[in-house]
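The values are calculated or read from the model by the stated rules, or taken from the named source; none is laboratory data. Fair warning: this is a prediction, and the values are worked out from it, not measured in the lab. Methodologically, a virtual Cβ is constructed for each residue, glycine included, from the backbone with ideal geometry; neighbour enumeration extends over all protein chains shown.
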């Protein structure tokens, strides 16, 4: 790990702690505000898992903790200013959407605008990894494609976190893991990344402050205010924190950190387009829905996705680490992987064994109904 000054360490730690405290204190206040303005999530039988109305717009608490912490402890450079302006735009539109349910394409346009703001502030992907070694260089300079690639990355990540926000605590927890992963990687890569580390620490702390209220059974949802905001900040921070340095794996690291939401988004968009639907058409075929269909409850499904995110995060850290720490992290990742496999396999097996006799019951009931009709 790169040697950081004591002052840098203090700023990073304080950014996390202050963001946590503000988010934790603000969440009950935001909950009351959400009820007053009518930002309530009403369940439906098709997609929603919860059975009663729950306030949303909790992302305002996350945003408040993040914003105050960044303003207090980060150096407000042009890039950081761009992140904050875009984040404010995303949060405001997300809050309005939590009350009025805005058109999906309108929100998509706002996401593109926020991405353009980031690009204009100097947050641009200039190089990507050369995994196929088509040229002798380990990285490829993408030139005129840098702007559209950056916008695609930011908008894609922004939507990806929103799409996995389907179970209590899932999106917030995965975002906390992703921000912590990026924080560690940025510190491993360069001592000039202390400002990025401070931003990521603030984001991680804000997520951790909100998550006690969001875990099952959730008292409040983050809504689009939070889900879109988290995706946007993670995307922009990854560009200045990981794409900029360590060119040999510039593309691998942020993808690993955000693998769970990104892969779910790619599968969802592909599935919907192949079925002739809008990519924004809501359905019940996300990863977390599949885990529920296997027989897992909400807490178990969230725990599995947390663990997968943690393994992939450890993999990103492994790529950038050296010495004994690398072997220790590899052992931890392997142990977590084995635990996930055992848990899912064992639970799924038990579910099938438990339901096999019950599966015959409907047939018997149908026979009785037919006999009654005759």
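Okay, here's what the table says:
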| quantity | calculated |
| --- | --- |
| Residue 70, sole failed condition from (1) under 20 Å from the mean Cα position of the chain (by Cα); (2) closer than 19 Å to residue 19 by Cβ; (3) at pLDDT below 95 | (3) |
| Every pair of residues 6+ apart whose Cβ atoms lie under 8 Å, when the first sits in region 36-51 and is under 13 Å from residue 98 (Cα atoms) while the second is outside any strand (DSSP E or B) and modelled with pLDDT under 75 | 41/48; 41/50 |
| Hey, residue 313 at pLDDT 75 or above and either in contact with a strand residue (DSSP E or B) (Cβ under 6 Å, 6 or more places away or on another chain) or in a loop (DSSP other than H, G, I, E, B) (or both) or not | no |
| Number of positions in region 265-280 that are modelled with pLDDT under 75 and within 19 Å of residue 171 (Cβ to Cβ) | 5 |
| Qualifying residue in region 242-255 (condition: on the phi < 0 side of the Ramachandran plot and modelled with pLDDT of 90 or more) | no |
| The one condition in (1) touching a helix residue (DSSP H, G or I) at 6+ places or on another chain (Cβ under 9 Å); (2) over 25 Å from residue 197 (Cβ atoms); (3) touching a residue at least 40 places away in the same chain (Cβ under 8 Å) that residue 92 fails to fulfil | (3) |
| One residue from 145, 132, 152 being at pLDDT 85 or above and over 24 Å from the mean Cα position of the chain (by Cα) | 145 |
| Residues of region 148-175 classified as outside any helix (DSSP H, G or I) and closer than 13 Å to residue 214 by Cα, total | 5 |
| Of the criteria (1) over 13 Å from the mean Cα position of the chain (by Cα); (2) modelled with pLDDT under 90, which one residue 238 fails | (1) |
| Hits in region 10-21 (condition: touching a residue at least 24 places away in the same chain (Cβ under 8 Å) and over 16 Å from residue 214 (Cβ atoms)) | 11, 12, 13, 14, 15, 16, 17, 18, 21 |
| Qualifying residue in region 8-24 (condition: outside any helix (DSSP H, G or I) and either buried (at least 16 other Cβ atoms within 10 Å of the Cβ) or modelled with pLDDT of 90 or more (or both)) | no |
| Some residue of region 196-206 being surrounded by fewer than 24 Cβ atoms within 10 Å (Cβ to Cβ) and either without any contact (Cβ under 8 Å) to a residue 12 or more places away in the chain or within 19 Å of residue 84 (Cβ to Cβ) (or both) | no |
| Residue check, residue 92 at pLDDT 95 or above, assigned to a helix (DSSP H, G or I) and within 24 Å of residue 212 (Cβ to Cβ) | no |
